[in-house]
Amino acid sequence: MADGQAAGQTILVVGGGISGLTTAVEAAEVGYHVLLVEKSPHFGGRVAQHNKYFPKLCSPTCGLEINYQRIKNNPRIRLMTLAEVENITGSAGAYTARIRQNPRFVNQKCTACGDCAKACQTEVANPYNFGLGKVKAIRHDHLMAFPSHYYMDPDFAATEEAQKLVAVCPVGAIEPGMQATVTEEKVASIVWATGWKPYDAEKIMPYGFGRFANVTTNMRFERMADKFGPTGGKITRPSDGKEAKNIAFIQCAGSRDHNYLPFCSRICCLASMKQATYVRSQYPDSKVTIYYIDLRAMDRYESFQKMVEADTEVRWIKSKPARIDEDPKTGNPIVVGENTLTGVRYEEPYDLVVLATGMEPNSATEAKVPMSDAQYDEYGFVVSGGGLFSSGCSSQPNDVSGSVQSSTASALRAIQTAVNAKG
Ligand SMILES: Cc1cc2nc3c(=O)[nH]c(=O)nc-3n(C[C@H](O)[C@H](O)[C@H](O)COP(=O)(O)OP(=O)(O)OC[C@H]3O[C@@H](n4cnc5c(N)ncnc54)[C@H](O)[C@@H]3O)c2cc1C
């Protein structure tokens, strides 16, 4: 078995979502040293924000937790949170990566007892819930957050209130004066796993997201359906908090459209089918309508689609709605368009409309590989080459199982580069 002991044999994994976590454990468990760098305060990526997984409709927490246990039990994995790679030089087998670690303002003594958050008066819009609801300026994102240390918003760290919290912490974990550090690491190969962000629905002007309170997006809907989310899991209308029982999902919202996101994200149909089950199981007297161009539920997911189709209160309309209006009296969004199969025009009011927006690669914008010869495809996904390998949704839009498979493959390719470097 490889020992991977020399500094130059380390594999750098950038992004700690399900793809980066998988790559890290797979490489470390066969004997290689891994440095896993995550930009946010906690690991888990977008998966941690999901309420349930399709097709099993189980909680994503357990899949993530298994990976966290594997990491905790493996001394070969070094973790950095709140960290970003600023620059990479060198070539396959001998890279130097400059990494900036931003301050957490809470050190590793933190036991996540929550005394600081209880004492903290300052609240901010909750970024973890896409700005829905408020959270304390010192917090962790959710109960299962890993690492389970709290963190403080940088703006808040500079305040007098932050200083006062130092005395509140029973273990001396709060350090508002903590500074960023920059290190250089020698690594043999790099796996880029910075994932995706939801396509910005405000760009799809005809659908009124941002103008109409009761038009939301699929990722916000995930948070709303989560019992630890902004509504405690209750599916309600953002405008008035009333139960939302008549809900429309609009597929390909911005996707497969050269004006917005040109490609299919592969998972949006399945995500809406999953979310239809959230509605139907919460309110037995609810109705769901899914507007679609084509339904894409490939191979083993077909039985999942059939399960949702068996529910007669889920209606399917083949149509790309032209626009959404709002009834000013009720706040109901009104979906306007033409049924492609019947040619009949419709104008239908709903309690809530969910836009099934796609996945935009972070590597197209804020998570570009800081390396002069990095290659991208036409959409901004990272193309593997040299000692750089892309995995999960950095390489293409994918579900969790596809992301895990691609991450295992990337781990193997990164190991091969490390072995060749050593030989
Ligand atoms: C509405 C919706 C519902 C879905 N539901 C399901 C489902 O039920 N089942 C299923 O199989 N799939 C589902 N998916 C797909 C699933 O979310 C993806 O397959 C999964 O998130 C891919 O994981 P990833 O690690 O590749 O990317 P991400 O989850 O995006 O993780 C990327 C990580 O990289 C970090 N990062 C970003 N930039 C940097 C940087 N510069 N430096 C360091 N770190 C960085 C991020 O903070 C994040 O932690 C759904 C998708 C959507 C849109």
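The values are calculated or read from the model by the stated rules, or taken from the named source; none is laboratory data. This one's a predicted model, so the numbers in the text were calculated from it and none came from an experiment. When we count neighbours, we look across all protein chains shown, and the Cβ atoms used for this are built from the backbone with ideal geometry, even at glycine.
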**Complete:** If we ask which residues in the stretch 261-297 are assigned to a loop (DSSP other than H, G, I, E, B), among the small types (Gly, Ala, Ser) and within 15 Å of the ligand (Cβ to nearest atom), their number turns out to be 2
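Within the stretch 119-136, identify whether any single residue is in the same structural domain as SER59 (by TED's automatic domain parsing) and either at pLDDT below 95 or of a type in the set (Gly, Ala, Ser) (or both), and answer yes or no.
Scanning the stretch 119-136, I find no residue that is in the same structural domain as SER59 (by TED's automatic domain parsing) and either at pLDDT below 95 or of a type in the set (Gly, Ala, Ser) (or both), so the answer is no.
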**Asked** Restricting attention to the stretch 66-75, does a residue exist that is farther than 24 Å from VAL400 by Cβ, in contact with a helix residue (DSSP H, G or I) (Cβ under 9 Å, 6 or more places away or on another chain) and at pLDDT 95 or above?
**Response** yes
**Complete:** Considering residues that are free of Cβ contacts under 8 Å to residues at least 60 places away in the same chain and not in a strand (DSSP E or B), the number found within the stretch 339-364 is 7
**Item:** Candidates ARG323, ARG345, ARG296, ARG315, filtered to the one that is in contact with a Pro (Cβ under 7 Å, 6 or more places away or on another chain) and over 19 Å from PRO238 (Cβ atoms)
**Value:** ARG323
**Message:** Looking at SER372 and the list (1) under 17 Å from ALA27 (Cβ atoms); (2) away from the ligand (no atom under 14 Å from the Cβ); (3) of a type in the set (S, T, N, Q), which single condition is not satisfied?
**Reply:** (1)
**Request:** Among what's in the stretch 385-404 and is buried (at least 20 other Cβ atoms within 10 Å of the Cβ) and either farther than 28 Å from ARG220 by Cα or among the aliphatic types (A, V, I, L, M) (or both), pick the residue that is nearest to the ligand (Cβ to nearest atom).
**Result:** VAL400
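So, restricting to strands (runs of 3 or more DSSP E) that lie completely within the stretch 141-252, which ones have at least 2 residues that are touching a residue at least 12 places away in the same chain (Cβ under 8 Å) and farther than 17 Å from ALA356 by Cβ?
Those strands (runs of 3 or more DSSP E) span 181-187, 189-192.
Among the listed residues GLN9, GLN101, identify the single one that is out of contact with any strand residue (DSSP E or B) (no Cβ under 7 Å at 6 or more places or on another chain) and either closer than 30 Å to CYS269 by Cβ or of a type outside the set (A, V, I, L, M, F, W, C) (or both).
After applying the criteria, what remains is GLN9.
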